[in-house]
Amino acid sequence: LPLLLILLVLQFTSVNPSENITQTEFLNKVENNDVKSVTFVTDAGYAEVELINNASNTPKLHFRYSDIKDVKEQIRLKNSDDYQIIIDSREENRMFGEILSWILPLIFFVIIIISAIGWFKVYKKTGFSGWTSLIPVYRTLILLKIINKPWHWIFLFCIPLVNIVFIIWSMNLLSKNFGKDEGFTVGLLLLPFIFIPILGFDNSEYKKRITK
């Protein structure tokens, strides 16, 4: 679940799609009077192109230039009273991208470690070896024992949409076995890397409930 949350964040924060073209292709578009504006990113060696009839869902065009002065000169030669290409330039702010490049993996790593430690403690509190929480598939079988459900539930976790229902059900049973309420179940589902360690390190006691 932590991995799913991170992927969703990355999905919603991703930039608009872009398409790379050559400098020659760009100049051809200039010749055809298709270019509205061009912005040279001077510290990155590429330019962003906006077309006159550019739809909102059309990928942004980028091209790498060999000589910025030569490209600008060819654009100016094409400019006329009837056709004016807007020329702009800026520097790329790389600091934010550089920070994300190391801070996101660090956050991901910390979440994985905290979650693993939390599950280790939870399994240990239930009387099982903490190391079983680190073994794929087997850890799920142990979890089913903890919440007093049959082993074949593991197949239900593999069925799309159906698995959502049984994951919620399982987390609620786990919460109940430690004397927690439905609010804690919500925490286990939405913020497991916080609530699993809480469950593992607090003074709550595991009491196996008889479920049907």
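Annotations
- Calculated FRET efficiency for the pair Phe108/Ser66, C-beta based, R₀ 30 Å, to 0.05: 0.20
- R0 of 41 Å, Cβ-Cβ distance Tyr46-Leu190: FRET efficiency to nearest 0.05: 0.55
- At the residue level, Lys124 shows approximately 120 square angstrom of accessible surface with a 1.4 angstrom probe and all protein chains present.
- Shape category assigned to the stretch 172-212 from the gyration tensor of Cα positions, a/c cut at 1.5: oblate
- Cα→Cβ-extended label distance, 7 Å offset, between Thr39 and Thr22, nm: 2.7 nm
- Accessible heavy-atom area order of Trp169, Trp131, highest first, probe of 1.4 Å: Trp131, Trp169
- Length gained on full extension, Asp88 to Ile154: 17.9 nm, using 0.36 nm per residue less the C-alpha separation.
The values are calculated or read from the model by the stated rules, or taken from the named source; none is laboratory data. Since the structure is predicted, the reported quantities are computational estimates derived from the model, not experimental observations. As a convention, Cβ positions derive from the backbone with ideal geometry for all residues, glycine included, and neighbour counts pool all protein chains shown. For the accessible areas, the whole protein counts, side chains as well, though only heavy atoms, and no ligand, DNA or RNA atoms are used. Shrake-Rupley method; radii C 1.70, N 1.55, O 1.52, S 1.80 Å.
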